[in-house]
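Have a look at the structure below, then the notes.
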Amino acid sequence: MLKNDNFLEDFKKSLSVTIKSISNNKKVEVNFVKENPSIEGNFINVTEPNITSIKKNLAYLRAEADVMALEFRLHSKEIHQGFIAKNKFSNEIFNSVEQSRIEAQGAKIFKGIKSNITKKHLIDLEKNKKNNKKINISEAFKYVTYEKLLNIDLGKLNNDYRKIIKDKLGNNYDFFFKDLKKYINNQEKFALKMMDVLNDLGLLENNNNKKSKEDLNEDTDAQDNNNNQDNKKNDKEIKSDIEIDSTSTDTQQAISVEENDQIGEDDTESEINYLPNIDKIEKIGNYKIFIKDFDEIINAEELCEHKELEKLRNNLDQQVFAFQPLIAKIANRLQRKLLAQQNRYWEFNMEEGFLDTSRLSRIVANPNNKLTYKKEKDVKFKDTIVSLLIDNSGSMRGRPITVAALCSDILAKTLERCLIKTEILGFTTKAWKGGESRERWIKEGKPSNPGRLNDLRHIIYKSGDAAWRRSKKNLGLLLREGILKENVDGEALLWAYNRLKFRQEKRKILIVISDGAPVDDSTLSVNPGNYLEKNLREIINQIENKNEVELMAIGIGHDVSRYYSKAVTIMDVDQLGEVLLKELSDIFSN
């Protein structure tokens, strides 16, 4: 496994170097994430590779990274936003075609990238056919545009997609792609041509674009010249980095079969992005769910406008200004303790190494004494992830949720400094009194014992691989009116557990912060009174018995020790920060 780990690190380093060179920006930083690959500012977040994915889909992995680097280099979000319409359907098509423009322009610059991206498209087409995936027009535009812009043929797998686009464009099919090809190096003119087509198809409504064709003509020559200069300037740099990346293939081929046999199932699993089935651990008693269609897992920033989120974050900081210094002081203590455990120490009285100057006085006093040496030795410190699961129920409203948000924020920042990853999650419901789930139950004649009868909302405030500075604003969402509703603790705990289970860290810690028992009026009104509580106990029991995740809970004004084996109860919410950091300190001391 050590050789596999070393290989993975080498592969990630070479991939990072290539991405930075392709992106043509020295400020770019590359992160490897389990979910939601994205570009945020100067950060390119790409999918975390594992040995199995590299062996099976090396070209695919490299293509994903290439595409994101090209998007950073060849795509302007400001220009793109100017052409976004209020029609969701037309936007999907527009985004797909722009993606193909980026890929095609990049493929013309770098032949190795062209090969990777083409292989990726063929794999995706094959997968779509195998799974009998329903064809949608935006995907059809994506694959056909890529073909036409590069004059290549994706083969029979693309026949159905071609037919759809030919039916849509009719006699304009060839002329359309011929015109697009002229503007492959000019994002604005390319977008304008695409807008004309969408308009002709009757798909363009309420376009926000303010630029006219005349405005675009003035900018065209300058943009084309800049693109050409950039491309020539970096061809040599990219070529060398592509060669570095290609050495990963040779390394990969050298991995022995014996080593590959040691790879666990966790390496091949992707992170769960859906509400996990209750059977993820085992069948949990008689617990059941009436319908899951209305449940959601959502990133905090998707529930609130960016400006409002920043305003809420400022409100959070102001409300707990007097409370923050105390917690920060305790956090610094924890940080020093953790860093001390990770620091190197010296082995003395060695026959070789660094000269031990502290013992030179002995030699001065008695020349017969031998010189002694010392060696640095690393302390084994397991790579760790800490997940905080915060109860987002209505009873937490006010100071409890404010303090929970601040403590989570400071904890994430502290642990990140110590190279320990953190994840901050929240759980509530989308509506009071059952929401759409209950409405469906009523329409179906109110069958007896329906099980859980509400729409769950599980919120990701900070994922394990996201940097603290990019996620801190999300915690302001906890102060937004209407977010905190009811709480189904059992399924939320299982969701958080399953997210941790498939992480690659060796040590996994899950801390639940709650102020009461599970409460969902809609569910409890048509099931036994202890229905949700019983499910919570059963899930806790199974998690604790498996010993894969270290589980503890902090109850705010509520004794959670009757549920969790390891639990702390605080009566004053202002104790939360001190208790949270103390418990973590104790955990790491063990």
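Every read-out reported here was derived from the displayed coordinates using simple, explicitly stated rules and does not represent laboratory data. Keep in mind it's a predicted model, so treat the numbers as computed, not measured. Every residue, glycine as well, gets a Cβ built from its backbone with ideal geometry; the counts of neighbours run over all protein chains shown.
So the values come out like this:
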quantity	calculated
Charge context of Ala431, other residues only, Cβ under 10 angstrom, K/R +1, D/E -1	+1
Residues of the stretch 394-416 with amide N under 16 Å of a point placed 7 Å along Cα→Cβ from Glu505	408-416
Gain upon complete extension [Glu310, Glu352; 0.36 nm per residue less C-alpha separation]	9.4 nm
Over 20 Å (Cα to Cα) - which of Lys55/Lys120; Lys413/Lys462; Lys292/Lys446; Lys55/Lys133; Lys56/Lys120 fall in this group	Lys55/Lys133
Charge context of Asp124, other residues only, Cβ under 13 angstrom, K/R +1, D/E -1	+3
Extension gain, Asp574 back to Glu548 (0.36 nm per residue minus Cα-Cα distance, nm)	6.2 nm
Cα gyration tensor category, rounded, prolate or oblate, for the stretch 418-488 with a/c compared to 1.5	prolate
Pairwise centroid distance, computed over Cα atoms, of the stretch 398-422 with the stretch 509-583, Å	19 Å
Estimated distance in nm for a label pair at Ile135 and Lys413, the labels positioned 7 Å out from Cα along Cα-to-Cβ	5.4 nm
Full-stretch length increase - Lys163, Lys443 - with 0.36 nm per residue and alpha-carbon distance subtracted	96.7 nm
Dipole magnitude of the stretch 2-74, debye to nearest 20 (Cβ charges: Lys/Arg +1, Asp/Glu -1, about Cα centre)	220 debye
Sum of side-chain charges, Val30 neighbourhood, beta-carbon under 11 Å (Lys, Arg +1; Asp, Glu -1)	+2
Across Lys430/Lys534; Lys20/Lys77; Lys111/Lys189; Lys111/Lys182; Lys12/Lys130, pairs whose alpha-carbon gap is larger than 27 Å	Lys12/Lys130
Separation between Cα centres of the stretch 457-497 and the stretch 5-51, rounded to whole Å	26 Å
